[in-house]
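These notes concern the structure reproduced below.
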Amino acid sequence: MSMKQRLEHFEALLGPTPVLPVTLTIGGRPRVIHLKLEGHNVAGSIKARTAFGLVRALVESGELQPGGRLLESTSGNLGIALAMLARYLGVSFTAVVDPLIAAECLERLNDLGAEIITVTERDESGGYLLSRLSRIAELREQDSSYVWTNQYDNPENPAIHRGMTGPEMFRQLPRAPDAVFAAISTGGTFSGLSQFFRSVSPATRMIAVDIEGSIAFHGNPGKRHLSGIGASRPSTFLDSSLVDQLEIASISESAHYCRLVQRSAGLHIGASAGSVVAACVRYLEMHPEIELAVCLCADSGDKYASTIYSETWLRSIGVELPADDLAPATPEHLPGAILSGVA
């Protein structure tokens, strides 16, 4: 089977991921938020779509051949997706990571046979991204056989979300959403979604969500503790025409809303998704006219047991949660019906 045929088989595994309506009390009244749960995707996150788009272009151009060597800087999810896809295509994959990567992600990368290179020096913005990119440049200079997917500048990153993720989300909702919320890091996912919704529903408000310490789109540089959201450099893919508003979340907000969604709806969402829900709740408090809001949840919570779901880890970085957040997760009601496929 050729690499192109294998890619076609992999594409068939991508989505549709469910959209689930969850009711939370916001501003003293029940409000419904729709969560698009990308943790249900192959490889466990939305980055399976990104990996497919990046690698497909390399195969079609002939840059990636059988036996080739993929290379990428990753905070976790894209690395897992690329490692899975590389193994399926019969090529190798080298992941350049940093200490913020969750232990669960490292274990999965090892299981998938990825070569792992860890940088340990923070960059001038307080993160590790620029250090990872410097290591990428060194590796490519040392060995020309590496094929860098370059999620940070490759237009195939937003293109896959403009052509696949956005239309899928749109088909699953009863009508065009009033507002869409998604985390930013490279900005590729948000950019692609915004480009799509700008074309089919210009009235939809596109709300970008970032974490404290990130400068992915404005923001103030600082030390960051979470992977999967934020960046040490501005996104190549984002500009003011695509972002109606930027919301900045804190780690304590992310941890709180991860637990609140688990208690109220029985859903185990990832760290960046907690930030997105936090931003959505804050926005809805200020905008009661919003009726149909959608939060893109990039992955599930299984990779974050040792970080955002760990009271010990949170205390180690100076975050204390209220007693209610530390209570056992006993859902108050069952989640609503999955809307996948609803026109």
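The values are calculated or read from the model by the stated rules, or taken from the named source; none is laboratory data. Note that this is a predicted model, so its numbers are computed, not measured. In this analysis, Cβ positions are derived from the backbone assuming ideal geometry, glycine residues included, and neighbour counts consider all displayed protein chains. For accessibility, only protein heavy atoms count, side chains too; no ligands or nucleic acids. Shrake-Rupley method; radii C 1.70, N 1.55, O 1.52, S 1.80 Å.
For segment 3-40, residues that are at negative phi, small (Gly, Ala, Ser) and either in contact with a helix residue (DSSP H, G or I) (Cβ under 9 Å, 6 or more places away or on another chain) or outside the structural domain of ILE160 (by the TED database) (or both) total 1.
Per-residue answers, yes or no, for (1) under 25 Å from SER61 (Cα atoms); (2) in contact (Cβ under 8 Å) with a residue 40 or more places away in the chain; (3) surrounded by 22 or more Cβ atoms within 10 Å (Cβ to Cβ); (4) not assigned by the TED database to the domain that holds LEU64:
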residue: LEU130; (1), (2), (3), (4): no, yes, no, no
residue: ALA137; (1), (2), (3), (4): yes, no, no, no
residue: SER144; (1), (2), (3), (4): yes, no, no, no
residue: ALA159; (1), (2), (3), (4): yes, yes, no, yes
residue: THR165; (1), (2), (3), (4): yes, yes, yes, yes
residue: MET169; (1), (2), (3), (4): no, yes, yes, yes
residue: ALA182; (1), (2), (3), (4): no, yes, yes, yes
residue: SER185; (1), (2), (3), (4): no, yes, yes, yes
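Counting residues in segment 207-217 that are over 26 Å from SER306 (Cβ atoms), assigned to a loop (DSSP other than H, G, I, E, B) and among the aliphatic types (A, V, I, L, M) gives one or more.
Within segment 1-29, residues that are more than 16 Å from ARG49 (Cα to Cα) have Cβ atoms under 6 Å from residues that are of a type outside the set (Gly, Ala, Ser) and open to solvent by 70 Å² or more (accessible area, probe 1.4 Å) in these pairs: LEU20/ILE338; THR23/PRO30; ILE26/GLU285; GLY27/GLU285, counting only partners at least 6 apart in sequence or on another chain. Among the candidates GLY113, GLY126, the residue that is outside any helix (DSSP H, G or I) and at pLDDT 95 or above is uniquely GLY113.
Condition check ((1) in contact with a helix residue (DSSP H, G or I) (Cβ under 9 Å, 6 or more places away or on another chain); (2) modelled with pLDDT under 95; (3) under 30 Å from ALA81 (Cα atoms)) across all residues:
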position: GLY274; (1), (2), (3): yes, no, yes
position: ASP325; (1), (2), (3): yes, yes, no
position: HIS333; (1), (2), (3): yes, yes, no
position: GLY341; (1), (2), (3): yes, yes, yes
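Consider segment 190-210 and keep the residues that are touching a helix residue (DSSP H, G or I) at 6+ places or on another chain (Cβ under 8 Å) and open to solvent by 10 Å² or more (accessible area, probe 1.4 Å). The one that is nearest to ASP123 (Cα to Cα) is GLN195. Here ALA95, ALA57, ALA86 are screened, and the one residue that is under 15 Å from HIS9 (Cα atoms) and at pLDDT 95 or above is ALA86. Listed by position, the helices (runs of 4 or more DSSP H) contained in segment 228-333 that have at least 3 residues being open to solvent by less than 50 Å² (accessible area, probe 1.4 Å) and aliphatic (A, V, I, L, M) are 251-265, 271-286.
Return the residues of segment 42-57 that are of a type outside the set (Lys, Arg) and open to solvent by 10 Å² or more (accessible area, probe 1.4 Å); say none if nothing qualifies. Across segment 42-57, the qualifying residues are VAL42, ALA43, GLY44, ALA57. Counting only residues that are in contact (Cβ under 8 Å) with a residue 60 or more places away in the chain and over 18 Å from the mean Cα position of the chain (by Cα), segment 187-199 holds 0 of them. Restricting attention to segment 274-291, the residues that are of a type outside the set (Val, Ile, Thr) and within 15 Å of LEU246 (Cα to Cα) add up to 9. Residues of segment 87-104 that are part of a strand (DSSP E or B) and aromatic (Phe, Trp, Tyr): PHE93 alone. Every residue in segment 139-162 that is farther than 11 Å from LEU71 by Cβ and assigned to a strand (DSSP E or B), please. Once the filter is applied, which keeps residues that are farther than 11 Å from LEU71 by Cβ and assigned to a strand (DSSP E or B), segment 139-162 yields nothing.
Would you confirm, using the coordinates I've provided, whether ALA176 is open to solvent by less than 10 Å² (accessible area, probe 1.4 Å) and outside the structural domain of SER125 (by the TED database)?
Taking the combined requirement at face value, the residue does not satisfy it.
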